[in-house]
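Have a look at the structure below before the remarks.
Every read-out reported here was derived from the displayed coordinates using simple, explicitly stated rules and does not represent laboratory data. Quick caveat: nothing in here was measured; it's all calculated off a predicted structure. Heads up, the Cβs are rebuilt from the backbone with ideal geometry, glycines too, and the neighbour counts pull from every protein chain shown.
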């Protein structure tokens, strides 16, 4: 027999480079994540509520004023002395039919506290249904009917015919709004507010009610 042959050389195992191992580990993790939790699909934004749906969601006048904490004394004082003129009640009743009032108001708003109680009394006497929503729920209504200087404001009294808003009365009576946006702009804030509240005390809602009745008659 010939001389003994050489033993075969065993292969030497070499670990893959570090960056390759890292890439394999990340791919394995991604596969595991997709296998366990499928990707979350974006959900469409909810459709805005219709005016009729907003009305149904709104609070009655009694519930709204009972919940008042901000400016509670002003709300209750104005509600207690709300006595709409009979002529305006009769005119609104004649313009009624399918008319409803959707009011956007908040308790802390001084203009709301000095107008909405009178509007609620007028609606009650004329048998016009009325509901109140806050500024968050009624934001789209406010943004559709802005003040002369371009603000979305409370109160906004939207007039509904059927299930559609046909117009709105916004924030303040025209004469007071014109004064506040005009000559009063140069007055110090305390004096401006004192005069505004003095005007509201003197007017006691009559200008607001006259403008809303005129609007209802025009939009019937």
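State, to one decimal in nm, how far the label point of residue 108 lies from the label point of residue 137, with both points 7 Å from Cα in the Cβ direction.
Going from the residue 108 label point to the residue 137 one covers 1.8 nm.
Tell me the label-point distance for the pair residue 56, residue 93, using the 7 Å Cα-to-Cβ offset, in nm and rounded to one decimal.
3.0
Counting other beta carbons within 10 Å of each Cβ, put 98, 203 in order, fewest first.
Details: 98 12, 203 17.
By the 10 Å Cβ count, ascending, the order reads 98, 203.
Based on other C-beta atoms within 10 Å, arrange 199, 169 from fewest to most. Don't jump to the answer; show the numbers that get you there.
On the way: 199 17, 169 25.
Listing 199, 169 from fewest to most nearby Cβ atoms yields 199, 169.
Would you kindly compute the Cα radius of gyration of region 58-218 and its largest Cα-Cα separation (Dmax), both in Å?
14.9, 46
Mind jotting down the distance between the C-alpha centroids of region 115-169 and region 194-220, whole Å?
14
Given region 101-208, what percent of its DSSP beta bridges are antiparallel, to the nearest 5?
Around 70 percent antiparallel, to the nearest 5.
I need 186, 50 ordered by Cβ neighbour count within 10 Å, fewest first.
186, 50
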